[in-house]
Amino acid sequence: MKLKTFIVFIILLTSCSHAFTTNYQTLTYSEPDSACNPLIFRGKNLFGLDVKYAGNLNIGDQSFSFVIKKYSDSVATAVLKSQACAVNANLVNITFEIKPGEFKPPYPQTTYYRCMADFYSIEMNELNLQILKAEKRKILRYEDRNSLSWKDFDIELPESFSVPYEFVSTIELYTGKMSIWTGAYKEFKAQGIFYSDISKIKKSLSSEQTEKQLELLFSLTHLYAKRLETDLNSRKPKLANAEKIQKIIDGYISELETEKAKFNIETDYGNNKIELRKWETKIKSELD
């Protein structure tokens, strides 16, 4: 009897299986297309791209962490592709992963490949493919260079377009220390970043006046980044966690988009010079 019990215990320790958690929110589930071959990326920056969220998949490890046997991630990759096809997604973005034998606190060492991935559908046109397959997005960071030139805009808008430009920017939180004891984050740094790979402008608007206006939009972006930085650093580190921090960041980015739209309306895209000077005074005085 003792021998049988020991054998069962050994089997439990040496057998291993993936745990799958799915979350499909926007697209209807359907059988995979045999021709479906979604692209898989790791930590891809999708900001500003016209993607439609289709759901997510978490692949976990149900086995004991001290089992020595290692497993390939090929099975997990096949599952990711299959599940993406099942919800008509053609893009998989792996946001977190641990390979067999790795230890990433606070996650335990794993025997299987583990990951969290989001599924999206996106038009695979020339521009999107170029951005997706590039090693890095084409961006300008405010603290590296806060002046803009026409060469910084990769896309030309047709003259018939209803607006003179599409200025794409957001906040980048680029440092923040995490305590290994509490998991709390502190000492944050943030800055504004401008996406030149998807920002668009009419060439007929190439003037110093318009460039100044666009630089004000860039400064406005950086202003909200510094507000976020101050806010996060004013909070008690013990209250911080990754999920809470992300909600705070999302809030500032949402406010920034509202303020950029207000800027364009009140300045009439730079045509109202009186309002433009008011915005310039307000932005620069706070930044200084």
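If residue 208 satisfies every condition in (1) modelled with pLDDT of 85 or more; (2) out of contact with any helix residue (DSSP H, G or I) (no Cβ under 9 Å at 6 or more places or on another chain) but one, which is the exception?
Condition (1) is where residue 208 drops out.
Sort through 193, 198 and tell me the only one that's surrounded by 17 or more Cβ atoms within 10 Å (Cβ to Cβ) and assigned to a loop (DSSP other than H, G, I, E, B).
198
For the list (1) aromatic (Phe, Trp, Tyr); (2) in a loop (DSSP other than H, G, I, E, B); (3) surrounded by 17 or more Cβ atoms within 10 Å (Cβ to Cβ), I need the number of the one condition that residue 161 fails.
Only one criterion is unmet by residue 161, namely (3).
The values are calculated or read from the model by the stated rules, or taken from the named source; none is laboratory data. Worth saying up front: this structure is predicted, and the values here are computed from it rather than measured. So basically every Cβ, Gly included, is an ideal-geometry build from the backbone, and we count neighbours across all protein chains shown.
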